[in-house]
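Beneath this line is the structure, given in structure tokens, with notes to follow.
The values are calculated or read from the model by the stated rules, or taken from the named source; none is laboratory data. The model shown is predicted, which means the values in this text are computed figures rather than measured ones. Note that each Cβ is placed from the backbone with ideal geometry, even for glycine, and that neighbours are counted across all protein chains shown.
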Amino acid sequence: MFKPDPKDATADDEEYLIHIIIKQLAHFGPVPKSYIDLIPKDDDYRWSILASATQYIKDNQKQRPFKLIEDECLTEEDREFLLKVMKLDPRDRPTARQLLQDEWFSGVP
């Protein structure tokens, strides 16, 4: 899902990871304030990447919220579970214990 389109970047390109971030932000962004607050004000590299990725998404109309994606293999339960797991700020994600207790796993031996 997050693999960049080969016309944008290939695995050996220096920009490959930035394109993965672009894909993540396009589906699960914008970056939550709680995460932004963790980035040191003098970390110009991270701020530059976030700004560039955000601008690229806007300029190229790449925003495609995951909650709106339609796929015949994706059930509503799957979508809800994935939205819990794919929070950009790791502190907002459930723990492994919480995930294993999630109703999504009910009926799994």
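Is region 48-60 home to any residue that is part of a helix (DSSP H, G or I), in contact with a helix residue (DSSP H, G or I) (Cβ under 6 Å, 6 or more places away or on another chain) and small (Gly, Ala, Ser)?
Among the residues of region 48-60, at least one is part of a helix (DSSP H, G or I), in contact with a helix residue (DSSP H, G or I) (Cβ under 6 Å, 6 or more places away or on another chain) and small (Gly, Ala, Ser), which makes the answer yes.
Could you check region 63-101 and list, in sequence order, the residues that are assigned to a loop (DSSP other than H, G, I, E, B), in contact (Cβ under 8 Å) with a residue 24 or more places away in the chain and closer than 25 Å to Asp37 by Cα? Step through it out loud before you land on a result.
To start, the set of residues in region 63-101 that are assigned to a loop (DSSP other than H, G, I, E, B) comprises 63-65, 69-75, 86-89, 93-95, 101.
From what is left, the residues that are in contact (Cβ under 8 Å) with a residue 24 or more places away in the chain are 63-65, 69, 86-89.
Answer for region 63-101, where residues must be assigned to a loop (DSSP other than H, G, I, E, B), in contact (Cβ under 8 Å) with a residue 24 or more places away in the chain and closer than 25 Å to Asp37 by Cα: Gln63, Arg64, Pro65, Met86, Lys87, Leu88, Asp89.
Yes or no, residue by residue, for (1) of a type in the set (A, V, I, L, M, F, W, C); (2) closer than 20 Å to Phe66 by Cβ; (3) modelled with pLDDT under 85:
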| position | (1), (2), (3) |
| --- | --- |
| Asp8 | no, yes, yes |
| Glu14 | no, no, yes |
| His19 | no, yes, yes |
| Pro30 | no, yes, yes |
| Asp37 | no, no, no |
| Pro40 | no, no, no |
| Asp44 | no, no, no |
| Ile49 | yes, no, no |
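Restricting the search to region 60-100, which residues are surrounded by 12 or more Cβ atoms within 10 Å (Cβ to Cβ) and more than 25 Å from Ile21 (Cβ to Cβ)?
Glu77
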